[in-house]
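Take a look at the structure set out below.
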Amino acid sequence: MRFARAGLAFFALITGSCGLPALPEPPAAEPIGVAEPTLAAEWEELVARPDGVPDGCFSEHLGDAILLNDARQPKYSAWSRRRSEPISERLIRAERTSLAVARWIDRRARRFQEAGIPIVCAEFVSMTLTPPLPPAPLARPAAEFDDAMDAAAIRNRIIAVYGERGFAGIAAEAEAELDRLAATPEYHCMTRHLIESLWRVAVLAPLHERLAGERDVGSTRGLSELLVRLHLAALAGGADLDRAAAPLQARGIPIICRDVPPIR
């Protein structure tokens, strides 16, 4: 019940939803995706750590994000004459509330991490890689915000492709979505961040599953699927934040865009 209450609060704040989207059964002969070399190397480093795979990575990632966004809120407020404050406050409130969800998922991942499988750790990039804020607002972007971007359609395409091609299909569809967003790099930054993170989850999932089979500790698929479903549920709320931030981003205020680390 504790997870259910925390989850409902989290999704009400960030997604406007009270549940997770369901995923179809993957194909019996699921295609094996090719791991991106840099990401595969990062995964192997975690597996080979002499002190074992770290735990609590999801919670730590969110905690660091809260600290960063809280520290940057006054600067954005000054640049925007306080117009940024509802955006910052909604984001920070959602991150704080979602800590309960993150801790629950971290606990579920621990038995795999104790076996040397870095699930729910390799998926999260250090917030120390987040770009620094510029000394002043940036130049106004040449492109305009694309209000036709449809988060629900993206979610539905990703769900459908999972039933056709499994995690490899999600990774390929995420890449296609990122290509579509590439024309407007100053906008849709939370949506882009979620899709990049979803790509990372999908690429890593087969690596976790293979190693779990070799070490006979059960399947990691359910946990990877849960991370996918969390990302899909968050897309609508991410798109709402992007729409709210767009007028400020059009003035060169890089709220959200400069507040997330590179993932791929």
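The values are calculated or read from the model by the stated rules, or taken from the named source; none is laboratory data. Remember, predicted model here, so these are calculated numbers, not experimental data. When we count neighbours, we look across all protein chains shown, and the Cβ atoms used for this are built from the backbone with ideal geometry, even at glycine. Each accessible area value is taken on the protein alone, full model and side chains, heavy atoms only, with ligands, DNA and RNA left out. Shrake-Rupley method; radii C 1.70, N 1.55, O 1.52, S 1.80 Å.
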Near pairs, Cβ below 8 angstrom, 6+ apart or cross-chain, from region 199-218 (touching a residue at least 24 places away in the same chain (Cβ under 8 Å)) to any residue that is open to solvent by 50 Å² or more (accessible area, probe 1.4 Å) and not in a helix (DSSP H, G or I): Trp199/Arg264; Arg200/Arg264; Val203/Glu36; Pro206/Ile32; Ala212/Ser219
Long-range neighbours under 8 Å by Cβ, at least six apart or interchain, first residue over 25 Å from Pro206 (Cα atoms) within region 146-170, second aromatic (Phe, Trp, Tyr): Asp146/Tyr187
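Only one residue in Glu209, Glu175 is surrounded by fewer than 23 Cβ atoms within 10 Å (Cβ to Cβ), of a type outside the set (Val, Ile, Thr) and within 27 Å of Glu114 (Cα to Cα). Which one? Explain how you work it out, then say what you get.
Details: Glu175 fails: within 27 Å of Glu114 (Cα to Cα).
Every option except Glu209 fails the conditions.
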Residues (touching a Lys or Arg at 6+ places or on another chain (Cβ under 8 Å), open to solvent by less than 30 Å² (accessible area, probe 1.4 Å) and part of a loop (DSSP other than H, G, I, E, B)) located in region 245-254: Gly252
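Which of the residues belonging to region 125-136 are assigned to a helix (DSSP H, G or I) and open to solvent by less than 30 Å² (accessible area, probe 1.4 Å)?
Listed by number, the list holds a single entry, Met127.
Just a yes or no: is a residue in region 92-103 assigned to a loop (DSSP other than H, G, I, E, B) and out of contact with any Phe, Trp or Tyr (no Cβ under 6 Å at 6 or more places or on another chain)? Step through it out loud before you land on a result.
Just the residues of region 92-103 that are assigned to a loop (DSSP other than H, G, I, E, B), to begin with: none.
Within region 92-103, none of the residues are assigned to a loop (DSSP other than H, G, I, E, B) and out of contact with any Phe, Trp or Tyr (no Cβ under 6 Å at 6 or more places or on another chain).
Please pick out the residue among Ala139, Ala78, Ala122 that is open to solvent by 70 Å² or more (accessible area, probe 1.4 Å) and assigned to a loop (DSSP other than H, G, I, E, B).
On the way: Ala78 fails: assigned to a loop (DSSP other than H, G, I, E, B); Ala122 fails: open to solvent by 70 Å² or more (accessible area, probe 1.4 Å).
After applying the criteria, what remains is Ala139.
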Restricting the search to region 65-95, which residues are farther than 15 Å from Pro132 by Cβ, touching a Ser or Thr at 6+ places or on another chain (Cβ under 9 Å) and of a type in the set (S, T, N, Q)? Gln73, Ser77, Ser84, Ser88
Among the residues of region 91-99, is there at least one that is closer than 30 Å to Glu164 by Cβ and among the β-branched types (Val, Ile, Thr)? no
Residue count for region 142-172, restricted to those that are in a helix (DSSP H, G or I) and open to solvent by 60 Å² or more (accessible area, probe 1.4 Å): 5
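Take Leu232 and tell me if it is free of Cβ contacts under 8 Å to residues at least 60 places away in the same chain and under 24 Å from Ser126 (Cα atoms).
Numbers: free of Cβ contacts under 8 Å to residues at least 60 places away in the same chain: no; under 24 Å from Ser126 (Cα atoms): yes.
The answer is no for Leu232.
Matching residues to (1) under 20 Å from Pro26 (Cβ atoms); (2) of a type in the set (Gly, Ala, Ser):
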{"residue": "Ala172", "(1), (2)": "yes, yes"}
{"residue": "Ala182", "(1), (2)": "no, yes"}
{"residue": "Arg192", "(1), (2)": "no, no"}
{"residue": "Leu198", "(1), (2)": "yes, no"}
{"residue": "His208", "(1), (2)": "yes, no"}
{"residue": "Arg215", "(1), (2)": "no, no"}
{"residue": "Arg221", "(1), (2)": "yes, no"}
